[in-house]
Amino acid sequence: MKIEDLKNRDFAEYMLGRTLSSIYKIGPVKSTDYEILSYISIFHRDLIEEHIDDINLYLGLFYKEIVTPKSLQGCVQKMFSECIAEHFGKTYTPVQTSILNNSEEKKIFSFSAPTSTGKSHVLFSIIEDSERDVVVVVPSRALINEYYLRLCEEIQDKSINILTYVDKINTAKCRRNIFVLTPERCKDLFRLKDQFSIDVIIFDEAQLTDEKGKRGLFFDAIVRRCNRELPHSKIIFAHPFVINPEAQISKNALSPDQSISKVYDQRNVGQIFMCEKPSGSFSYFGSDTSVFSNKQLACGYDPIEECIKAKGSVLFYVSKNSIISNAYLNVFSKYIELCPEIENPELLDIIEELKEFTGGGTVAYMNYYSQMLALLKRGIVIHHGSLPLRARMLVEKFTRKHFCRICFATSTLEQGINMPFDIVYIDRLESRKYLAVKNLIGRAGRSSKERKIDFGIVIIASTKVAKLRSLLTQTVMLNMQSQLEDNEEFDDDYNDFKDAILHDTFSDQFNLTENQIIKLSDENLDEILRCVLDKFFNNIEENGNVNLSKEDIQMVVSAFHQFYSIYLGRELQLGEKSALTTAFYIMIWRIQGRTFSTICHSRYAFLSREKERDRLDRHGQSTDHILARFTQKYVELPNNNLSSPVSLFPKGLKAKDVDYDIITYDTYDYLDKLIGLYLSDIFYAAFIKYNDRCPDERAVKMADLIKYGTYNTKYIWMLRYGMSFEDIELLDEYIESIDERGIIVTQDFANLPPKAKECIDRFVE
């Protein structure tokens, strides 16, 4: 069949009947069936409208507005939907009903379903309907945020704690807890397990089990510990597109008698495919040549342009390099120009929040100019892995509010985050990331309750059509053997980690292996650590702030270098030293209580030679000859091959051209990945072990400074309740007392604007 054939009404009517018959017999499991229905809805809207109730019932979309089915089969499906609604008290699709039934039937349920199946909706129902504590494990902090915001919207009951970490708080009011965690944050679950009654543990996006390296190891270790230490809790694994979800059961030695697995192919939203020719024209093409011929059909218009003009939304899947270099601005300039500034108070409020957090401005050619913020004013979103988490939260909120016209994103968007678009344009196609591509394709099209066919458009360069078709046919199969049992070895650090996980010698307290803790017990470190303590605690002001001179900071950085070299047991490479110098400066600033924006401002001022340029500007002199200072780009450590430093900016960059956004991204990578996920654990444990050897209350305070950024008891409690330092700065005077039992606020707290209170609103009556 050619796509063009569907323009013929008689043939379209014939294919509609044939497609519906197929769907009724085997279910909506073939993506090409949705494709055919979508094309008919484009070419013959009246034909679809005539049969829309039957179509939606055949597809199992029982949440749709249904008026009157015209066929016997449609009437049967409607009766089925009414039975489901009567039984559950809610409207579910057959797939969602099956997920609910299977999760009830067995202790362990592992399933797979494509993007846009309504998987998230049913998981949220399980979470909401549980009467005891629930744990949700997700692969990323971005997805934690997605879950957290949605749960807060749907669950208004303040007696239910919704937390993104494991802690015993708000005990005076709390009836039960919902914990949304990454695998790495689960360690506290086992430390406090006797204080909770956990009903169900949900591993969403559970294909993380196959991720090479420490994260995959850690995931399987968490699964096994949950099964072993929480034997009365149900376990649910959810995956997209995986054809063997039963692998979770076998690879983690879970009881087959207590387990069930299921693959669902149905979806709630369809996609049609288009390609862009080198000339700039667009054509439709079929995803499967066994159903559609190779012949394409010219559409005669620019679908992206039409979508933007109609206030729809477009996702451009691009590389991170394209975003960092701003190459995307030139490649897609004609679409960017179609987006005028949006004058909406709610939109401007979100941008203002982002400005306050990042410290960026929106005036071109001025210091701290942020291209990201300037684009947001036009409804254009940037989304990638180095976008600070708080900024990502606000950007995703921006998108959910339907302000987004264009989103330029890397594959970080594919993992579970519910951000649908009318069009997905795939600018890059990596064979090794076929799961990411499939998930991104699933972002095309919005599920609605309207009486229509829901579908989105996927666009790719005409030269990549064959490659995309090939990727669509590839299956995603989980390894049947856990990395914990395979014989593959990497570096000493990985092998040590693997051995600790296998032999249960990994420390939940320090998040380190036994060997790492032994290294930190070396008495040769004592003098170095004592020197650091002297520098910090001899320079504390009355308000508790640490005021180090430039010389003091240099000495502390040098001491940290010595410490890390002894810890590794080798000399540091030049590139490692360079990265550590940057990391230690940022870590010290953080300990000194600087916010994210002030840290970024400090780096920008130094790198762009701000004072020098401002002095010349005041005298009307050119600054073109002033070059940007060097700074080390974020890299993973340790890395024995990093023999040379790696510059964040190209050599010879003018100081005035330093990109503030790149500084914010790089600073976040240092804070989040190198300091937050690696160095802070090492230094926290080092000062605790030092205190064990040489009792010194300063060491405990220093450990708290590294872990929390403060040793102020009130501030630590505020952080434990989920507040940021930015929130603390604003709310400190309005919180009368705070501890494990709850938060007591002053009378003036009620007068604060809702936005200022929302971070702790769930804990305050």
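Ignoring aspartates and glutamates fewer than eight residues from LYS449 along the same chain, the ones with Cα atoms less than 15 angstrom from its Cα are GLU49, ASP53, ASP54, GLU65. Bridge orientation summary for the chain: considering DSSP beta bridges with both residues in this region, about 20 percent are antiparallel.
Straight Cα distances below 19 angstrom link LYS633 to the aspartates and glutamates GLU576, ASP657, ASP659, ASP661, ASP666, ASP669, ASP672, with same-chain residues fewer than 8 positions distant left out. Binning the C-alpha pair distances of the stretch 273-336 at 5 Å intervals from 0 yields a P(r) profile of 4, 14, 19, 21, 19, 13, 8, 3, 0 %, listed from the shortest bin outward. Selection among LEU189, ALA221, ILE169 by position relative to the dipole of the stretch 164-243 gives ILE169 as farthest towards the positive end (Cβ unit charges, Cα centre).
Quick one: which of LYS158/LYS755; LYS309/LYS401; LYS25/LYS464; LYS2/LYS433; LYS187/LYS234 span more than 23 angstrom between C-alpha atoms? LYS25/LYS464; LYS2/LYS433, as the Cα separations exceed 23 Å there. When peptides 524-532, 622-630, 440-448 are ranked by their average number of other Cβ atoms within 10 Å per residue, the highest-first order is 440-448, 524-532, 622-630. Computed from backbone phi, the HN-Hα couplings of the stretch 704-709 come to 5, 4, 6, 6, 10, x Hz, rounded to whole numbers (Karplus: 6.51 cos²θ - 1.76 cosθ + 1.60, θ = phi - 60°; Gly and Pro given as x).
Rounded to the nearest 20, the Cβ-based charge dipole of the chain about its Cα centre (Lys and Arg +1, Asp and Glu -1) stands at 1580 debye. Of the residues THR667, ILE23, TYR434, the one whose Cα sits farthest toward the positive end of the charge dipole of the chain, with +1 on the Cβ of Lys and Arg and -1 on the Cβ of Asp and Glu, is ILE23.
In the stretch 1-77, what GluC sites (Glu not before Pro) fall in a loop by DSSP, with at most 13 other Cβ atoms inside 10 Å?
Those satisfying the criteria are GLU65.
Taking 22 Å as R0, compute the FRET efficiency from the Cβ-Cβ separation of SER643 and ASN321 and round it to 0.05. The value I calculate is 0.45.
Evaluated on the stretch 1-89, the Kirkwood hydrodynamic radius is 13.5 Å, with distances taken between all distinct Cα atoms.
Evaluated over the Cα positions of the stretch 271-473, the convex hull gives a direction-averaged projected area, one quarter of its surface, of 12.4 nm². Specify the inter-centroid distance of the stretch 95-129 and the stretch 570-612, based on alpha-carbon positions, in whole Å. Taking the Cα centre of each part, the stretch 95-129 and the stretch 570-612 sit 46 Å apart.
Taking the Cα atoms of the stretch 354-458, the ratio Rg/Rh between the radius of gyration and the Kirkwood radius comes to 1.01.
The calculated FRET efficiency for ALA298 paired with GLU337, based on their beta-carbon distance and R0 = 25 Å, is about 0.50.
Show me 735-744, 716-725, 344-353, 217-226 ranked by packing, highest mean number of other Cβ atoms within 10 Å first. Please list the in-between numbers first.
Working: 735-744: 15.9, 716-725: 19.0, 344-353: 14.2, 217-226: 23.0.
In descending order of packing, they fall as 217-226, 716-725, 735-744, 344-353.
Spin-label pair ASP761-SER549: with each label point 7 Å from Cα along the Cα-Cβ axis, the two points sit 4.9 nm from one another.
Protection proxy ranking of 237-244, 649-656, by the mean of other Cβ atoms within 10 Å over each peptide's residues and highest first, is 237-244, 649-656.
Can you tell me what percent of all Cα-Cα pairs in the stretch 94-263 are more than 28 Å apart? Result: 15 percent of Cα pairs exceed 28 Å. Which of the lysines could a cross-linker span from LYS7 if the Cα-Cα distance has to be under 20 Å and same-chain partners fewer than 8 positions apart are dropped? Filter leaves LYS295, LYS452. Pairwise alpha-carbon distances in the stretch 263-369 exceed 17 Å for 73% of all pairs. Taking the Cβ-Cβ separation of ASP492 and ASP157 as r and a Förster radius of 35 Å, what is the calculated FRET efficiency to the nearest 0.05? With a Förster radius of 35 Å, E is 0.10. The count of lysine pairs in the stretch 52-118 that are at least 8 places apart or cross chains, and whose C-alpha atoms lie under 27 Å apart, stands at 7. Other residues whose C-beta falls under 9 angstrom from the C-beta of LEU389 contribute a net charge of +2, scoring Lys and Arg +1 and Asp and Glu -1. The C-alpha atoms of the chain define a longest principal axis, and helix 119-129 lies at about 70 degrees to it.
Evaluated at q = 0.08, 0.11, 0.18 Å⁻¹, the base-10 log of the normalised Debye intensity for the stretch 512-710, with identical point scatterers placed on the Cα atoms, takes the values -0.30, -0.55, -1.28. The angle between the Cα long axis of helix 660-669 and the main principal axis of the chain comes to about 80°, on a 0 to 90 degree scale. Evaluating kT/(6 pi eta Rh) at 20 °C and 1.002 mPa s, with the Kirkwood radius of the stretch 712-765 over Cα pairs in the Stokes-Einstein relation, gives 194 µm² s⁻¹. Extending 7 Å from Cα along the Cβ direction at SER521 and again at SER565 yields two label points whose distance is 2.6 nm. Taking a point 7 angstrom from the Cα of LYS714 along the C-beta vector, which residues in the stretch 720-754 have backbone N less than 13 Å away? Residues passing the 13 Å test: 728-739, 744-746. Taking the convex hull of the alpha carbon positions in the stretch 614-669 and averaging its projected area over all directions gives 4.8 nm². Coupling constants for the stretch 79-90 follow from the phi torsions by the Karplus curve (6.51 cos²θ - 1.76 cosθ + 1.60, θ = phi - 60°), and in residue order they are 4, 4, 5, 5, 5, 4, 4, 5, 6, 9, x, 9 Hz; glycine and proline get x.
Quick note: the coordinates plus some simple rules give every number you see, no bench work behind them. None of these values were measured; they are calculated from a predicted model. Cβ coordinates were reconstructed from backbone atoms using ideal geometry, including for glycine residues, and neighbour counts include every protein chain displayed.
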